[in-house]
Amino acid sequence: MTLAVIQGKRNISCDKSLCVVKQAMARQTHSTDTGWAWMILLASCMVLFMWDGLRKGLSVLLPTLKEQFETHTWMIGLMIALSQAVRDFTGIAMALVTVPCYSLLGQYFDRHYLLACSLFQGCGSLGMMIFAPLTQLLLDTYGWRNTLLLLGAMYFHVFVGGALLRKPNIEPDTDEQTYIALKTRDVDDNAVADREYDDSALRGNKLGTVDKKKNTNVLELFGLNLFSNLSFVAVCLMSGCMTSTFVGWIVYFIPHCLVKGMSPYEASFLSTLAGFAYLVGNFIFIPFVSKNIVSVRGAIYIASTVAVIALIVDKFCSTFVTLSISSMCFTCGIGVMYPLLDVCLKSVVELESLSKAFGWRTAMTGTFKILSGFIVGWIYDQTGTYDVGFYYLGAMQAVDWPQSRFGSISG
């Protein structure tokens, strides 16, 4: 009798071990830093080149548009800022291209992600360097209406960049297994009863947690669970303050130079010099951070400080040389921060949540852009000078200092 029971248990155990069902779990199997990753980088660079070039070109048109429509400076500045903020809020137009560029770079690059971010942002600086004098030339030659038509025609090149974007390859992973026991004829009634009792108890536990799982799934679906991560929130606030400062500078720098007595072509050339300094900033920090000479947080502190000081001393810069130095110091500092904040964002969220993280960050920065586009122009209309407005931009940039102390973004 005892031997029969033992033998029956052995048969049940044997049946369970033989009746195994493997459920394939999806995972990313694409190679990072190689292959199509560089095509993704090329497409992203093309998109940012056109986007940053366009928003700089619109700032060149600001004084002309103000005169043509006989309106306030803040009104035109707000319209330019809104054209950028709408991209951040929606899921149409440029948002369908720029946000995927950010997330795909994080998925396709790992070891060379810092270099990829620097090249990506560097092409944005090239756009500012080229489009500022080009827009001024088109404005003087064809007028503001035809200039906008030509800029729109140039923007069709974004289609090429969008066509190159694609998701990483997905294929099944058989390393992980889920074991499911199947019934056999040799199993006695007691074993069946025990299994049915366990199943009923399990169903009872599941009913008690189904509502919680639904709520969790909704939060994860929209990426709202990311806001429980203080490091993610800190990176978003830093990006918002920095973007607000930079957009305010982009929109009002050329009008600011005109008020200080520069000619339109001198102001455009100053913008080109600033774009070159921004390009230098995109790469100058790489050897220091890569070799751990300076931490990510340390580099952000230094770059932010340089940008704040440049905005403060701008009031005392009235010549071409001094304006060149101050503007180049500011854009160099901003150029350092942009790639580092992308790296910070990737380090504080899971890879599968990267698209949602960049989407929420972009949406949050859109609000800051609207503020800078309105406030600096309104201050100018009230005071007749951009000096106080640039002080405001410096104060916004200084907010980045305490935010960089949160969580794992310290680097």
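The values are calculated or read from the model by the stated rules, or taken from the named source; none is laboratory data. What you are looking at is a predicted structure, and each value in this text was computed from that prediction instead of being measured. Cβ: placed from backbone, ideal geometry, glycine included. Neighbour counts: every protein chain shown. In case anyone asks, the SASA skips ligands and DNA or RNA and just uses the protein heavy atoms, side chains included. Shrake-Rupley method; radii C 1.70, N 1.55, O 1.52, S 1.80 Å.
Of Ala132, Ala163, all but one fail to be in a helix (DSSP H, G or I), farther than 25 Å from Thr331 by Cα and of a type in the set (A, V, I, L, M); the exception is Ala163.
Here Ile302 passes the criteria (1) open to solvent by less than 60 Å² (accessible area, probe 1.4 Å); (2) touching a residue at least 12 places away in the same chain (Cβ under 8 Å) except the one numbered (1).
Does Thr135 qualify as being out of contact with any Phe, Trp or Tyr (no Cβ under 7 Å at 6 or more places or on another chain) and more than 26 Å from Ser244 (Cα to Cα)? Judged against the criteria, Thr135 is not a match. Only residues that are open to solvent by less than 60 Å² (accessible area, probe 1.4 Å) and assigned to a helix (DSSP H, G or I) were counted in region 33-42, giving 3.
The set of residues in region 256-282 that are open to solvent by 10 Å² or more (accessible area, probe 1.4 Å) and in contact with a Pro (Cβ under 9 Å, 6 or more places away or on another chain) comprises Leu258, Pro264, Tyr265, Phe269, Thr272. Are any residues in region 314-324 buried (at least 16 other Cβ atoms within 10 Å of the Cβ) and assigned to a helix (DSSP H, G or I), and if so, which ones? Those that are buried (at least 16 other Cβ atoms within 10 Å of the Cβ) and assigned to a helix (DSSP H, G or I): Asp314, Phe320, Leu323, Ser324.
Does at least one position in region 133-155 carry a residue that is closer than 30 Å to Ile286 by Cα and surrounded by 22 or more Cβ atoms within 10 Å (Cβ to Cβ)?
no
Exactly one residue out of Gly124, Gly106 is among the small types (Gly, Ala, Ser), under 16 Å from Leu58 (Cβ atoms) and either in a helix (DSSP H, G or I) or open to solvent by 50 Å² or more (accessible area, probe 1.4 Å) (or both), and it is Gly124. Scanning region 342-368 for residues that are closer than 24 Å to Ile80 by Cα and either surrounded by fewer than 17 Cβ atoms within 10 Å (Cβ to Cβ) or aliphatic (A, V, I, L, M) (or both) yields Ala363, Met364, Thr367. Checking every residue in region 92-99 against the condition of being at pLDDT 85 or above, under 29 Å from Leu341 (Cα atoms) and either part of a helix (DSSP H, G or I) or over 15 Å from the mean Cα position of the chain (by Cα) (or both) gives zero matches. Looking at Ile334, Ile293, just one residue is more than 14 Å from the chain's Cα centre (by Cα) and open to solvent by 10 Å² or more (accessible area, probe 1.4 Å), and that residue is Ile293.
Taking every residue in region 376-390 that is within 17 Å of Thr245 (Cα to Cα) and surrounded by 14 or more Cβ atoms within 10 Å (Cβ to Cβ) and pairing it with any residue that is at pLDDT 90 or above and of a type in the set (Asp, Glu), at least 6 positions away or on another chain, the pairs with Cβ-Cβ distances below 7 Å are Phe390/Asp314. What number of residues in region 43-81 are of a type in the set (A, V, I, L, M, F, W, C), open to solvent by 20 Å² or more (accessible area, probe 1.4 Å) and more than 25 Å from the chain's Cα centre (by Cα)? Final tally of qualifying residues: 4. The set of residues in region 222-250 that are closer than 13 Å to Ala307 by Cβ and over 17 Å from the mean Cα position of the chain (by Cα) comprises Gly248, Trp249.
For region 213-303, the helices (runs of 4 or more DSSP H) that sit wholly inside it and include 3 or more residues that are of a type in the set (Val, Ile, Thr) are 230-259, 264-284. The test for being hydroxyl-bearing (Ser, Thr, Tyr), open to solvent by less than 10 Å² (accessible area, probe 1.4 Å) and under 30 Å from Gly359 (Cβ atoms) holds for Ser239. Which one is farthest from Ser326 (Cα to Cα), of the residues in region 236-264 that are of a type in the set (Ser, Thr, Tyr) and touching a helix residue (DSSP H, G or I) at 6+ places or on another chain (Cβ under 6 Å)? Looking at the filtered set, the residue picked out is Ser239.
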